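Notes follow the structure.
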Amino acid sequence: MPLNPSPNPEFSSSLPALTNNSVAHPDTWNGNYQKLLDNTVVVKAAVEANKQATDQVTSQLGQRLDGVEASSAVSVQKAQALDWMYRNNVINFEMFVKGYTLIDLAPVAVVQGVNGDDSLDVVDTSGLRVGEFYVLNDPTALDGDGKVAPVSALVQVQAILSGQRVRLAANMSRSWGPSARVLRSSIKVVGASNAAAVPGDIYLTRSINIGTDQAGGAVVIRRSLSAGLARLYYRDGYQPTWKETGWSLRRTGGDIPAGFADYEYILPMRGDGGLRLDIEGEAMTIAHIVALGNTTGLGGFINPDQRPNTPLIASPLAAAVGVMERPTLTLAGYSSPAGNGQAAVQFQLSTSAAFTAVLHDSGVLATGLSYALPGGILSAGATFYWRGRVQDLAGLWSDWMTVASFTTAASFVYVATPSITGPAANAVDVPEQPTLTFSPFTVVGGTDTYKSAQVRIRAADGTYAVPVWDSGADAVNKLSMVVPAGKFKAGLNYYLQHRQEGTTRGWSEWSAEIKITTKAQFANVIGIALLTPGGGSGTWARTDENGAAKVTDASFFSSHPVYGAIQDVTIDGQAMVKIPAFYVKAGNIAAGPNAGKRAWWVSDQPLPGYVLHPAFMEAGSPIAQFWVGKYQGGVDGSFIGSKAGIIPITSLSFANMQALIAGRNRAGVSGFALWNYYQLQAIQLLALIEMGGANSQALIGQGVITGSNAFSVDNAQVATATWRGIVGLWGNVFQMVDGLQTDPSNKYKIWDKLGNKSYITTGQTSPGTGYAVTFSTDSGASHDLSLGFLPGTLDGSAGNGSTGDYMGSAANSVAYHGGYAGSGADAGLFCLLVSSSAAAAPPNVGGRIAKV
């Protein structure tokens, strides 16, 4: 993203005029981000418009940072407004001057904070945000000798309680008075590019972005050269807690002012995130902080504590014999004392243990710990020596590993080294259970049959000796395998290898590793889109989380955490079906071939934009599941229950139906009630997605939709309308549904979405009777009809509908669902009438029990 500084109201100084010699520090720049200044006409025009040099700026344009510090606000703001050609090479500047600071909050005066309490009173909370970190600072605090000793503390806002009070995430360890402030940085700003930091100071940035590079970038801090520590921390969507990263390189001399040094930190931050700086040991002056999308590659003094550890051998083992022509050289693991990620690996081959001459050099390979040796290098029946080393993201190399030898076989006939063809190397956003695919089985110098395949996976900082997963020899899944659930964690890098076994020739070499990055958050998302309304039952298609077409089969749903957890249970002697909680999102698809189409998605885990389905809210709190009657309600003793072999009960008023079900709540039993619209809505959505369309009669079964008499709840014909164990979901008898009514003006009323069972009058007036073409998107503070399937528009002809099921309403009515024995084609999963008085007791209307 382009430079996008935010002004800080505390700063009032302005920048001097720009000159065409405006950048004075080649040691803080490289060719990549030089292009940011050189490749745009606007930047060139801005620079050429200010050709008068100042006495203080004499180096060439593009020689780095000081000129930007000394440039005019107008010119640099023109540059920052560009949509950069090189978008990954983003730069974020902290120059401690208005318009060019990463601090986004003016100090907020404290009223009072009490030691041991978590409530802090301030003058104004309007600029504070829940979840954000801030610095509590008292510049007038006194030490034990009565001398001024400013004190700072890092705090996080947990809740905004009022316009003058916040709740912190932890209790305060001291009291704070009116001399204290809430701010983003306690470092004292002396002037542009001149900040005086003392031990105990804390600096926090606003949210910044350093590009899409999965490996992150770097931070360069120009500060006075001393024994003081500027400890850098970061956090982002992958790393929600503060994590420290130490400096790797230090540069002095050249155009860096005497007494100053540039400290370069590797920053594995991905996407949006924030930086934090803690000052320890000695006071220091900080000239600027620059966050970059890439490391600079400028070298410097290497922090000896940061170099990667010397790797160990993995394969071929030391003194191995019978090695074939193309072995895969593999190191045992990578580790960095600084926690810096791996950037590269290098292997060398020689005919002497002293490496007096290098027979073959792999060159610098991007990541991984293995290298498949090409053919034509090794000769049969000879001894060779090899070594390897690793490099971190700062460009620091480890020492070479201890030299190892191997001896080749007398002749070369072997199973060729295979490769992993999917996911692609360096793939990102890999799901928890990806399908791995492999290259075909091939034999070099002879023939054989494919016996089995094997995959092993390690974490980026792990080894194959303790793998994340090892498939073992698999004689069934020889061309593809699915990684089991629970092996991958979200937002991490993993490395994979594969080998193939011949019946007579044995195992191939392990393939070269591929690196993958898992999704920031594992969530099993599946959706459904209404591609074309009307036509009788609409044109629907399953989608992935982005709205693209999703191909699924029965095994997909059986293994999905939500669908797979739907199961039959018995509670209080009643046959019930458990529906586990899930998260839902509805709206128009943003991009791709289905852009603009209405869609609904479910996820087993919370994601941005998703909410817990209202069916799983009870009295303001989330619940893990609800249970719905497996069968339509029938008489069970003195109450209504869910059991096989009984006739559904009908001819009851709405209140009597509710009471006879609630009567089950006795003798320690609780939670039974007439099923409600949110529960029906959840079932409709899950079933719609699994069906892949809305015509439930065609996609599942007709149910009992003809005749005049209701059959027993488990009758074979009734059971043709069964989804995931819920029998007679439509047809046979209408089923009363709680939580949905119409008001005197025929507007829908629905229970509030927090599970308090308070009726909310929506903004959606029922469009009358007919067949739904589109669905309501009405929402408010306490309801959201867009998550379900109440009609937005209706048509009088079934051939113009989007579900094929009949819907109708009248004022002051309660809801019946599904249709009955005389409904014919109008019955189905989406059939819904809100057109009868609660006092009515029709002979073709029953109910269904539920429990929370």
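Other residues whose C-beta falls under 15 angstrom from the C-beta of Phe438 contribute a net charge of 0, scoring Lys and Arg +1 and Asp and Glu -1.
The accessible-area ordering, largest first, of the residues Ser452, Ser119, Ser782 stands as Ser782, Ser119, Ser452, per a 1.4 angstrom probe.
Each of Asp278, Asp145, Asp553 has its accessible area taken with a 1.4 Å probe; listed largest first, they run Asp145, Asp553, Asp278.
Packing, taken as the mean count of other beta carbons within 10 Å per residue, orders the peptides 470-481, 101-112 from highest to lowest as 101-112, 470-481. Rolling a 1.4 Å probe across the protein heavy atoms gives the chain an accessible surface of 39 Å² per residue. Pairs spanning more than 24 Å between alpha-carbon atoms, out of Lys147/Lys243; Lys487/Lys519; Lys515/Lys597; Lys487/Lys515; Lys757/Lys851: Lys147/Lys243; Lys515/Lys597.
A Förster radius of 25 Å, combined with the Cβ-Cβ distance separating Leu612 from Ala590, puts the computed FRET efficiency at roughly 0.65. Here r is the Cβ-Cβ distance between Val428 and Asn812 and R0 is 51 Å; the resulting FRET efficiency, rounded to 0.05, is 0.40.
With a cut-off of 14 Å between beta carbons, the residues surrounding Ala338 carry a summed charge of -1, where Lys and Arg count +1 and Asp and Glu -1. Subtracting the Cα-Cα distance of Ala106 and Ile160 from 0.36 nm times their residue separation leaves 17.7 nm of extension gain. Dimensions of the chain based on its C-alpha atoms, expressed as ranges along the principal axes with the largest first, amount to 95, 83, 56 Å.
Here the calculated FRET efficiency for Val321 and Val364, from their Cβ-Cβ distance with R0 = 25 Å, stands at 0.25, rounded to the nearest 0.05.
For the listed peptides 184-190, 770-776, a ranking on the average number of other beta carbons within 10 Å per residue, highest first, reads 770-776, 184-190.
Split the accessible area of the chain by element, probe 1.4 Å, and carbon with sulfur accounts for 52%. Estimated at 0.36 nm per residue, the fully extended path between Val148 and Leu225 surpasses their Cα-Cα distance by 25.2 nm. Peptides 681-688, 713-720, 603-610 ranked from most to least packed, by the mean per-residue count of other Cβ atoms within 10 Å: 681-688, 713-720, 603-610.
Measuring between their Cα centroids, region 428-484 and region 218-249 lie 38 Å from each other.
Given a 1.4 Å probe and the protein chains as shown, Trp751 ends up with an accessible area of around 30 Å².
The values are calculated or read from the model by the stated rules, or taken from the named source; none is laboratory data. Predicted model only: the values in this text are computed from it and were never measured. Methodologically, a virtual Cβ is constructed for each residue, glycine included, from the backbone with ideal geometry; neighbour enumeration extends over all protein chains shown. In case anyone asks, the SASA skips ligands and DNA or RNA and just uses the protein heavy atoms, side chains included. Shrake-Rupley method; radii C 1.70, N 1.55, O 1.52, S 1.80 Å.
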